[in-house]
Amino acid sequence: MDAPAAPNAALPEDREALTAAALIAVDYIAPPEPLAPFVTTLYHFRCDEPVIRDIQPAAIGNLCFFPHGKGEMLFAAGHRDPNHEVGLLTPLSRAAPIVVAGPFHAFGAALTPVGWAALTGLHAGEHRDRLLPAGAVLGPGIDTLGQELLAAYRAGAISGRECALAVGGFIGANLKRVNPRHLDLIAATGQWLAASFNPDVSALAGTAGYSARQVQRLVERYFGLPPRALARKYRALRAAALLSAPQLSLEDEAEIAEAFFDQSHMIREIAHFVGRTPARLGDASTPYLAEMIDARNLRELGG
């Protein structure tokens, strides 16, 4: 039976408005080796509270399935999309609040930029900040598989891990060819992002034989943002990942301090892209956040 409609969504502006992480369980499942260039992680999420409020950090694309829970995601432009039972979350340009009438369970796959392109064929920049019905992009096969998995999960006939692996199987069987020169550009962009907190945009010019203008367009096509904005996003995500660690080395602390104009700039940028202030990043009540910004979920950096 469907859960009741979600309450009116509002931006959870302080930690007290968010669901305590002790009530949330997330299992991350390594994709099979052939899928590794296309999927950063498979996952199974559960929270059995009557209302769940959280914030999704600026993310890469996700193929996501929702056997329990009805709600919505609030996006950068101010619009809201419901969590379709078989959904496709497009790359996010900033953190996005989530409000769901629970219990809320989900399983799916986080897609690398190559995986996004090979599976969907969509221009990430033109479609960013949306939660779409997956069948509208991927065709009826994903709806057929999705309904089978959702029914089996609800009946207790299949585990969340098994569902996530089945999603990985669908992805592996439905990948399309990506232009090899574009693949070179995507890999070079990942390496460029990983090399510095503030990489020089001009360093991408000439990559894979493309002009600066072509690089600008292609980076937005595959990553969802043009190079300068993309560098801002990953600077905030990488800084947040370091700041959320139990211990921060003096070298990392100095590198983070150098990456931003001042402390207030760092706070604004991390809040914009991660949905928390730096003071909240190490909060033991937010393991879902810690998992989402863990280094393995930034694996696309460095190719």
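How far apart, in nanometres, would the label points at Q147 and E126 be if each is projected 7 angstrom from Cα along the Cα-to-Cβ direction?
3.0
Using just the C-alpha positions of the chain as equal point scatterers, what log10 of I(q)/I(0) does the Debye formula give at each q in 0.13, 0.15 1/Å?
-0.91, -1.22
Of all accessible surface on the chain at a 1.4 Å probe, what whole percent is carbon and sulfur?
On the chain, the fraction of accessible area on carbon and sulfur atoms equals 53 percent.
Any number yet on Rg/Rh for the range 107-219, C-alpha, Kirkwood?
1.08
So which helices of the chain fit the span-like rule, where a helix is a whole DSSP H run, its Cα atoms reach 15 Å or more along the axis, and its mean Kyte-Doolittle is at least -0.5?
Span-like helices, by this rule, are 140-154, 160-173, 180-195, 227-243, 263-274.
State, to one decimal in nm, how far the label point of E162 lies from the label point of D27, with both points 7 Å from Cα in the Cβ direction.
1.1
Which of P180, P50, P82 moves the most in a Gaussian network model of the chain with Cα springs under 10 Å?
Sorting by GNM fluctuation, first place goes to P180.
Dividing the alpha-carbon radius of gyration of the range 169-219 by 2.2 N^0.38 Å (N being the number of residues), what value is obtained?
Here the answer is 1.34, to two decimals.
Which distance in nm do the two modelled labels at D200 and R177 give, with both placed 7 Å along the Cα-to-Cβ direction?
According to this spin-label approximation, the distance is 3.7 nm.
What relative contact order, as a whole-number percentage, does the range 22-91 give when Cα pairs under 8 Å and 6 or more residues apart are counted?
Relative contact order for the range 22-91 comes out at 26 percent.
Before anything else, pin down the relative contact order of the chain: Cα pairs under 8 Å, at least 6 apart, normalised by residue count, whole percent.
It comes to 21 percent, rounded to a whole number.
Given springs between every Cα pair under 10 Å in a Gaussian network model of the chain, which of V167, V178, V100 has the largest fluctuation?
V178
How large is the dipole of the chain about the Cα centre if only Lys and Arg carry +1 and Asp and Glu carry -1, each at its Cβ, rounded to the nearest 20 debye?
About 840 debye.
Arrange the residues I267, I29 by how much accessible surface each exposes, largest first, with a 1.4 angstrom probe.
I267, I29
So if we plug the beta-carbon distance of S211 and A76 into 1/(1 + (r/R0)^6) with R0 = 41 Å, what FRET efficiency do we get, rounded to 0.05?
The formula returns an efficiency of 0.90 here.
Given an 8 Å cut-off on Cα distances and at least 6 residues of separation, report the relative contact order of the range 51-98 as a percent.
Reported relative contact order: 54 percent.
The values are calculated or read from the model by the stated rules, or taken from the named source; none is laboratory data. If you're wondering where the values come from, they're calculated on a predicted model, not measured in any experiment. All Cβ positions, glycine included, derive from the backbone under ideal geometry; neighbour counts span all protein chains shown. Just the protein is used for accessible areas: all its heavy atoms, side chains included, with ligands, DNA and RNA removed. Shrake-Rupley method; radii C 1.70, N 1.55, O 1.52, S 1.80 Å.
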